[in-house]
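Take a look at the structure set out below.
The values are calculated or read from the model by the stated rules, or taken from the named source; none is laboratory data. All of these numbers come straight from a predicted model, not from anything done at the bench. Cβ atoms come from the backbone with ideal geometry, glycine included; neighbour counts cover every protein chain shown. For accessibility, only protein heavy atoms count, side chains too; no ligands or nucleic acids. Shrake-Rupley method; radii C 1.70, N 1.55, O 1.52, S 1.80 Å.
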Amino acid sequence: MNFKTTCAVLISLAMLALCACDGGQPDKKGAEKPAAGAASAPGDAPSSAPGSAPGSGPASAPGAGATSAPGGKGKIPPAVAADKIDGKGTDGKYHFKVTFKPAVPGLNEMFKAETLVTDAATGKPVTGLKFKLDATMPEHRHGMMTKAQHKELGEGIYQSEGMKLHMPGSWEIRADAKGDAGEDHLKLRYNQPARAKDQ
Ligand SMILES: [Cu+2]
């Protein structure tokens, strides 16, 4: 036997002894459980097993997570109230006014959005657009967990169903509109509260 083997054998024995102890010694507390045959103690157990204290390992305390609040000022545009998701597209062609239904969606609850798209120059509703509304949390690198469906209701209003914001915090609401007059995009921040106003 070399040293390694000896060690292995010793460890095995120690483990056996531990098992025997756990299984063999009837707990004082329990008369409740139907004793599952604790009668036959293994007679081969080494007589003098050093009672190694279980779980003496240093339980490294998980540092009281000093997660800095994600308040990166300056980088993130300020979030807006739900009733102000409204602005000119990045290309200046269209104006978008997004209305959530309900106005402040519940956290992790389905809601609809209606977006009125008007011509930025004339103010007239723009119909016949290929329209899409999306929401992402850029700082978390994720989008929604649902896939929204979009359809034109008429008079420049586009409805998006199946929207759901599953985390509180700053979401980027993005609208994409493409039509004969060209395409334009709206990008705005919306702050999803943990609870709706009336809750
Ligand atoms: Cu997130």
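A cut-off under 13 angstrom between Cβ atoms defines the neighbours of K178, and their net charge, with Lys, Arg +1 and Asp, Glu -1, is -3. Which entries of K88/K147; K151/K178; K84/K187; K97/K130; K130/K187; K93/K132 show an alpha-carbon separation above 20 angstrom in the structure shown? From K88/K147; K151/K178; K84/K187; K97/K130; K130/K187; K93/K132, over 20 Å: K88/K147.
Spin-label pair K151-D119: with each label point 7 Å from Cα along the Cα-Cβ axis, the two points sit 2.7 nm from one another.
Protein heavy-atom accessible surface, 1.4 Å probe, per residue over region 120-177: 54 Å². Pairs of C-alpha atoms in region 79-149 farther apart than 19 Å represent 42 percent of all such pairs.
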